[in-house]
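Right, one structure below, let's go through it.
The values are calculated or read from the model by the stated rules, or taken from the named source; none is laboratory data. As the structure is a computational prediction, the values presented were derived from the model and not from experiment. Backbone-built Cβ (ideal geometry, glycine too); neighbour counts: all protein chains shown. Accessible surface is based on the protein model in full, side chains and every heavy atom, while ligands, DNA and RNA are left aside. Shrake-Rupley method; radii C 1.70, N 1.55, O 1.52, S 1.80 Å.
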Amino acid sequence: MNALLNPVPVIKSFFGRSDENGSGSTNAQSDREFFEICTLTPEAALTKLGVTDKGMEAAEADERRIKYGLNEVAKRKRLGFVGEILQRFKNPLVIQLLVIAGVSYAMGDLRAASVVFVMILLSVFLGYFQESRSSKASEKLRAMVQTTCTVLRAGKEEEVPMSDLVPGDIVILTAGSIIPADLRLLTAKDFFVSQSALTGESMPIEKSTIAGTTTGKGNLDLQNACFQGSNVLSGSARGLVVNTGGKTYFGSISAKLARQRVLTSFDKGVNAFTWLMIKFMIVMVAITFLIIGLTKHNWAEALLFGLAIAVGLTPEMLPMIVTVNLSKGAIAMSRKKVIVKRLNSIQNFGAMDVLCTDKTGTLTQDRIVLERYVDVTNRQSDDVLRYAYMNSYYQTGLRNLMDKAILAHTDLDVERTCRKVDEIPFDFSRRRMSVIIDYEGDHVLICKGAVEEIFSVCSRYQVDEEIHPLIDILKDDLMEEYQSLSADGYRVLAVAYREYPQSKEVFSSVDEADMILLGYIAFFDPPKESSARALEILQKSGVITKILTGDNALVSQKVCKDVGLKMTGLITGNQLTHLSEDELADIAEKNTVFARLSPSQKEQIIRALQRKGHVVGFLGDGINDAPAMKTADVGISVDTAVDVAKESADIILLEKSLLVLEDGIIEGRKVFGNIIKYIKMGASSNFGNMFSLVGGALFLPFLPMAPIQVLVNNLLYDFSQVGIPTDRVDDEYLEKPRRWNIESIKKFMIFIGPTSSVFDYTTYFVMLYVFGCWKFKLASTPAETKARLEALFHTGWFVESLLTQTLIVHIIRTNRIPFIQSSASMALTLTTLSVMAIAVYLPFSPLASSLGLVGLPHAYWLWIVGTLLCYTILTHLVKTWFIRRFGVD
């Protein structure tokens, strides 16, 4: 899918090398065969592929699928168990730990090397198993949203998954369709496609059944060829599938793109934090190495201790915590009818502070009912209904809700009285569509569309059987009636016609001229009862809702009033023309409702809001929404959307409701909140410990903690945080959008970290002067006693350090008063309590001698209880001050 988002630089490298046909595909044989088929007549092309114009039988399609494979482009290949594990060993954090383990082993410190290796295994294998589980769950969720296409099989139209297409299939294409494979067109009517995903060319390209001039041209230049990855803007066509899967142009590009991954803002945030810690680690290790080497005169010991500090500052569990959080969030969101197609979009979803959406189906019920069909004098007219019915019945393009409402309103036997001759499909510049029928001896062009556009091509109007000139004064009166209906919330279309002689068989948009205005059809789309509540909830969640619609301003204004959307301004598409970027950005930010917008104007408004620093989401379901969805920070669509909209989306809603959307936003914020918890806990706690270690190394006659103890301490602390993905997030944190703020994390680390050092230094004092470790300095103290005193000191600080930094998990995880106003999840509570119990047990365990630990006196445990209590209170006070001083991020 990244290829659809920003493929142009890659594609230039493909198409820069030409084979003899001028194409740049890596499969020259497939290119030549495709070129040859496009130069044949439609009948010869069908024969070449062994099919008829009725399509192939299902059994034949199954056989070809076995032969050619599924119609799927290259994806990131699964590497298998060994490959995945090796891939994880390439992570910079893991490589860093491997180097540390190797150096420790080379210097003879087998215990340190073993502990570091255990940490590596924990990070790699726990991450692998958790991500494998999460990936399987995510794939099941993505499978719930399947893109289909219409194919002709044995003379009947069928909806089949796009992956089931095979060479020789005949596909039916209409506005909104994605081109599902590389095709040779068999029929085409006013058929325009966008190839921007392949070539970067934003202008629509007209396609026909004729190849055109082929001399010196490549496949992309053929007029009768369409390529997978492009999409239909208007018109209708039938295409013969020639290449599928990896043999398509898009497939060959995707093979290269599958090896690449575009960094999202979430990835950039994680990377920024990782490099912050690596830079900080380098500085701290260098300082520690020099201090210990110069004061203790043992450079080998200084190096081992420096490496232990490096491990302590390495957030080795970060990849696993991030992956599990994102996957858990995706699964939780699926229960609330929100399907995540791209995991990393969850953070943008939670950070979104502006939601742009159309009103149809979000604010309204998406249940349009035909209420009125009147002539220009506002009298009910069966002629208007009949002509509108024939227009909707015979069109082969994308039927919208109004077409369906017309056809549902009555049932006319039009096939018995008339025959379709031609069609002029809808497009967003004309905003109307026409069908031509053979009716009562004439070819009648029936046009239906936006009132202003119909008025612009009418020169007469009809009342009963009489036809009169449509003069400007009358146009103004008719516009007033239209505006009156619109102000009442009706969506109004105009119906006009013109008769042509039967000798005329081919029509185009130029024939939509000098027409006769017949009347109006008016529809009503009732507001949803839940819309007002949903808008209020979104506003309370810090998300501003803006309406971007192609509908007229009066209808938009009425709907917004009915649902209680506070309007700070209403702007139409015409008002946006000729504005500078700065002017557009100001208008986009200040106003709420934008009406009569073209697809490009929706995209421009989103870019303008982004320039103002907003994280913008766009909810859409139509072909005209796809450019805006790709531009938005998070593209949101619904399961019933057209193919190109679903493919452009990051998030798919199984129910088109703002209430569902709000649930997904909250889940996104929970995911981000838990990731930030780990980052803040690890950064501040590790920084505090390292601050204490460096300070202790300056004045203590021995190392404040042995390297093996630093490593075990860090290993156990990492394990205590494994339950973070299951943790609850405070309601106030979810009230507004959250974004990456590395500066805030850095400040938090600097202010909160040294708080723990206060108690580390008090522990130093207690161990030295209460429990007698100061005697180590006396020359008269025997060597055996010195070793015991050093071990006692190490044990006292090891236990205090591990207990306090594990306890800090419960302090930092919430901005409230811990334990009283906010409690951790059961999983996080169990992991932290387990680690604290291990800290108490280790000095008395069989492992104590191996780790250099000894039993502690009873008085120590009374003192440690007081320390934990004071530490909890002080850290909470500092945290509260920090939040008031710098805010919450």
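Here, segment 604-733 yields an orientationally averaged convex hull projection of 12.3 nm² when only Cα atoms define the hull.
Mind giving me the FRET efficiency for LEU294 and CYS870? R0 is 25 Å, r the Cβ-Cβ distance, nearest 0.05 is fine.
According to the calculation, E is roughly 0.15.
The gain in end-to-end length when the ARG728 to ALA487 segment is fully stretched comes to 82.1 nm, 0.36 nm per residue minus the alpha carbon separation.
Just list whichever of LYS359/LYS558; LYS189/LYS448; LYS328/LYS540 have alpha carbons separated by over 20 Å in the model shown. Over 20 Å apart, Cα to Cα: LYS328/LYS540.
Compute the separation of the alpha-carbon centres of segment 267-344 and segment 595-619 and state it in Å as a whole number. The two parts, judged by their Cα centres, are 37 Å apart. In plain terms, the chain from VAL99 to VAL463 could stretch by 122.2 nm, reckoned as 0.36 nm per residue minus the Cα-Cα distance. Per-residue extension of 0.36 nm, minus the Cα-Cα distance of PHE886 and GLN502, leaves a gain of 130.5 nm for this segment. Helix 92-106 and the longest principal axis of the C-alpha atoms of the chain enclose an angle of approximately 30°.
With both labels modelled 7 Å from their Cα along Cα-to-Cβ, the ALA106 to ARG32 distance reads 5.6 nm.
To put it simply, the accessible area of segment 456-606 at a 1.4 Å probe is 49 percent carbon and sulfur. Residue by residue, segment 879-884 carries 3J(HN,Hα) couplings of 4, 5, 4, 4, 5, 5 Hz when phi is fed to the Karplus relation 6.51 cos²θ - 1.76 cosθ + 1.60 (θ = phi - 60°); x denotes Gly or Pro. Looking at the chain, the accessible area is 41 square angstrom per residue; that uses a 1.4 Å probe and ignores ligands, DNA and RNA. Sorting 566-578, 724-736, 647-659, 380-392 by average packing, meaning the other beta carbons within 10 Å per residue, from highest down gives 647-659, 380-392, 724-736, 566-578.
Counting only the Cα atoms, the chain fills a convex hull of 188 Å³ per residue. Taking amide H as placed 1.01 Å from N in the peptide plane, ASP182 has its amide H under 5 Å from the amide H of GLN228, VAL242, ASN243, each at least 5 places away in sequence or on another chain.
A Cα-only calculation for segment 812-878 places Rg and Dmax at 14.9, 41 Å. In terms of the mean number of neighbouring beta-carbon atoms within 10 Å, the peptides 501-507, 601-607 order highest first as 601-607, 501-507.
Keeping the other protein chains in place, figure out the carbon and sulfur percent of the accessible area of segment 672-737, with a 1.4 Å probe. The C+S portion of the solvent-accessible surface of segment 672-737 is 65 percent. Of all beta bridges that DSSP places with both ends in the chain, some 75 percent have antiparallel geometry. For segment 722-814, the fraction of C-alpha pairs more than 15 angstrom apart is 72%. Under 12 Å from a label point set 7 Å out along the Cα-to-Cβ vector of ASP442, the amide N atoms of segment 474-514 belong to 497-502.
Using θ = phi - 60° in the Karplus curve 6.51 cos²θ - 1.76 cosθ + 1.60, the 3J(HN,Hα) couplings for segment 401-412 round to 4, 6, 4, 5, 5, 5, 5, 7, 6, 8, 9, 9 Hz; x is entered for Gly and Pro. Could you give the angle, 0 to 90 degrees to the nearest 10, between helix 382-394's Cα long axis and the longest principal axis of the Cα atoms of the chain? That works out to roughly 60 degrees.
State the percentage of accessible surface on segment 773-889 attributable to carbon and sulfur atoms; use a 1.4 Å probe and exclude ligands, DNA and RNA.
69
Once the C-beta distance of ASP221 and LEU121 is scaled by a Förster radius of 51 Å, the resulting FRET efficiency is 0.35 to the nearest 0.05. Of the peptides 180-193, 469-482, 692-705, the ranking by mean beta-carbon count within 10 Å, highest at the top, reads 180-193, 692-705, 469-482. What is the calculated FRET efficiency for HIS578 to GLU72, with r their C-beta to C-beta distance and R₀ = 30 Å, to the nearest 0.05? Efficiency at R0 = 30 Å is approximately 0.10.
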